[in-house]
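Asks: Please find one structure pasted underneath; my questions will follow.
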Amino acid sequence: QVQLVESGGGLVQPGGSLRISCVPSGSIFSFNVMDWYRQAPGKQRELVARLTRGDITNYADSVKGRFTISRDSAKNTVYLQMNSLKPEDTAVYFCYAVDGLGGHWGQGTQVTVSS
């Protein structure tokens, strides 16, 4: 069974930066797509950033220019670098990965942007 473990969430002030990580139980290159989603209280889960195996990236309009998804193959880790954070970025962030068996979710990591 595929497991995705997120880490790096926390409390940060508006305008600050945070980097969250996702480590899968298998190789990151076994997945066709690795995404970051987020879910704020009372809202639907939304796609924030996508990284394909072919290094194509896509971002939600709300985070373009502020967030960057990347991977480190040596550490078998996918990152989401979040800069210029806003209170509306507060949410639980989930890693999601798709392979031949389907989609797999991590447990989520809380990101809170507040002064």
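The values are calculated or read from the model by the stated rules, or taken from the named source; none is laboratory data. All values reported here derive from a predicted model rather than from experimental measurement. No Cβ is skipped: glycine too gets one built from the backbone with ideal geometry, and neighbour counts run over all protein chains shown. Surface areas here come from the heavy atoms of the whole protein model, side chains and all, with no ligands, DNA or RNA. Shrake-Rupley method; radii C 1.70, N 1.55, O 1.52, S 1.80 Å.
Asks: Could you list all residues from region 13-42 that are of a type in the set (A, V, I, L, M, F, W, C) and either assigned to a loop (DSSP other than H, G, I, E, B) or open to solvent by 20 Å² or more (accessible area, probe 1.4 Å) (or both)?
Replies: Leu18, Val23, Phe29, Phe31, Val33, Ala40
Asks: Could you tell me how many of the residues in region 80-105 are open to solvent by 20 Å² or more (accessible area, probe 1.4 Å) and either more than 22 Å from Ser115 (Cα to Cα) or of a type in the set (A, V, I, L, M, F, W, C) (or both)?
Replies: The total comes to 11.
Asks: Exactly one of (1) modelled with pLDDT under 95; (2) open to solvent by less than 60 Å² (accessible area, probe 1.4 Å) is unmet by Ser73. Its number?
Replies: Every condition holds for Ser73 apart from (2).
Asks: Find all pairs meeting these conditions: Cβ atoms under 9 angstrom apart; at least six residues apart or on different chains; first residue within region 30-44 and closer than 12 Å to Gly108 by Cα; second residue open to solvent by 40 Å² or more (accessible area, probe 1.4 Å) and assigned to a loop (DSSP other than H, G, I, E, B).
Replies: Tyr37/Arg45; Arg38/Arg45; Gln39/Arg45
Asks: What are the residue pairs meeting all of these: first residue in region 73-102, first residue assigned to a helix (DSSP H, G or I), second residue buried (at least 20 other Cβ atoms within 10 Å of the Cβ) and of a type outside the set (A, V, I, L, M), Cβ atoms under 8 Å, and 6 or more apart or on different chains?
Replies: Cβ pairs passing all conditions: Asp89/Arg38.
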